[in-house]
Amino acid sequence: MPTNKIDFERWMRKLKQIEEKVERLALLSQLGQILNSTLDHKEIRRRAMEAATQLMKAEAGSLLLVDEGKRQLYFEVALGIGRRILRGSLSTLERESPGGWPSTGNH
């Protein structure tokens, strides 16, 4: 009867995959509700990063934005490990990279 055991294990793996997909779809649905629930851009960014971090099953997440007027990068959102250190941290932009992305000069 080893065949039944293999079939059972295969079905259990499939069930686990389906459960993970349902969990991800639920998180995406929740993210859609979050994005439609407020007009506060900072709150939307924070909630979106929380959802993305959960979706990716990451221990930490952050959102780095550019202040073009000051030519600085700053952490708008920092979650998880090191969040207190990162939130609000600044880095001055020195130039653009060849691909058009801002560069801090820290290679």
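Each value in this text was obtained by applying a stated rule to the coordinates, not by laboratory testing. Everything numeric in this text was worked out from a predicted model, so none of it was measured. All Cβ positions, glycine included, derive from the backbone under ideal geometry; neighbour counts span all protein chains shown.
Values computed for the structure shown
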| item | result |
| --- | --- |
| Spin-label pair ASP67/GLN17, simplified geometry with 7 Å Cα→Cβ offset, distance in nm | 4.8 |
| Per-pair calculated FRET efficiency, R0 = 25 Å: ILE81 and ILE34 via Cβ, rounded to 0.05 | 0.60 |
